[in-house]
Amino acid sequence: MRIAVTYENGMVFQHFGHTPAFKLYNVENGAVVSGAVVPTDGNGHGALSELLAAQQVDVLICGGIGAGAQSALAEAGIRLCGGVSGMADAVVDALLAGTLSYDPQAKCDHHEHGEGEHACGHDGCAGHTCG
């Protein structure tokens with residue numbers, strides 16, 4: 001299995017479409033066997049789902065994410081765990097342990113709020129686990 005996490009400075013980056021990098025984790029027998037940081041080179045929403053598909057990602061962990069990106073990931077067969085925050089390595093460990101809390105309704109609706117600052121994925125957890 002391959003897991004991707006939106007990534008910056010060791011943390012889950014909170015806006016899928018603007019993530020500077022993904023940390024990719026290769027998992028065998030329920031344990032991480034290797035990891036690598038892959039820069040996004042400034043690519044935006046649509047190209048990011050293609051990048052993840054090309055990297056053969058099975059699961060994406062992120063903060064906020066828009067409906068279009070969610071659809072593109074679903075079409076690529078990539079399972080989504082959104083609305084997550086914290087240290088990237090720790091959330092992957094939680095996913096593998098079956099204890100990762102996430103929000104299946106995590107949205108990044110900044111287009112509806114107008115331009116300026118917004119907080120993606122900070123609505124907390126809906127009490128679901130990604131497994």
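What residue, of H118, H45, H111, H122, is modelled with pLDDT under 95, of a type outside the set (F, W, Y), surrounded by fewer than 22 Cβ atoms within 10 Å (Cβ to Cβ) and touching a Phe, Trp or Tyr at 6+ places or on another chain (Cβ under 8 Å)? Lay out the reasoning, then the answer.
Details: H118 fails: touching a Phe, Trp or Tyr at 6+ places or on another chain (Cβ under 8 Å); H111 fails: touching a Phe, Trp or Tyr at 6+ places or on another chain (Cβ under 8 Å); H122 fails: touching a Phe, Trp or Tyr at 6+ places or on another chain (Cβ under 8 Å).
Step by step, each of H118, H45, H111, H122 is checked, and only H45 is modelled with pLDDT under 95, of a type outside the set (F, W, Y), surrounded by fewer than 22 Cβ atoms within 10 Å (Cβ to Cβ) and touching a Phe, Trp or Tyr at 6+ places or on another chain (Cβ under 8 Å).
What's the total number of residues in the range 15-29 that are closer than 16 Å to M87 by Cβ and either in contact with a His (Cβ under 7 Å, 6 or more places away or on another chain) or of a type in the set (D, E, K, R) (or both)?
Result for the range 15-29: 1.
Is it the case that some residue within the range 78-96 is surrounded by 14 or more Cβ atoms within 10 Å (Cβ to Cβ), out of contact with any strand residue (DSSP E or B) (no Cβ under 8 Å at 6 or more places or on another chain), at pLDDT below 95 and among the small types (G, A, S)?
No - not one qualifying residue is present in the range 78-96.
The values are calculated or read from the model by the stated rules, or taken from the named source; none is laboratory data. Quick caveat, the model's predicted, so the values are computed rather than measured. In this analysis, Cβ positions are derived from the backbone assuming ideal geometry, glycine residues included, and neighbour counts consider all displayed protein chains.
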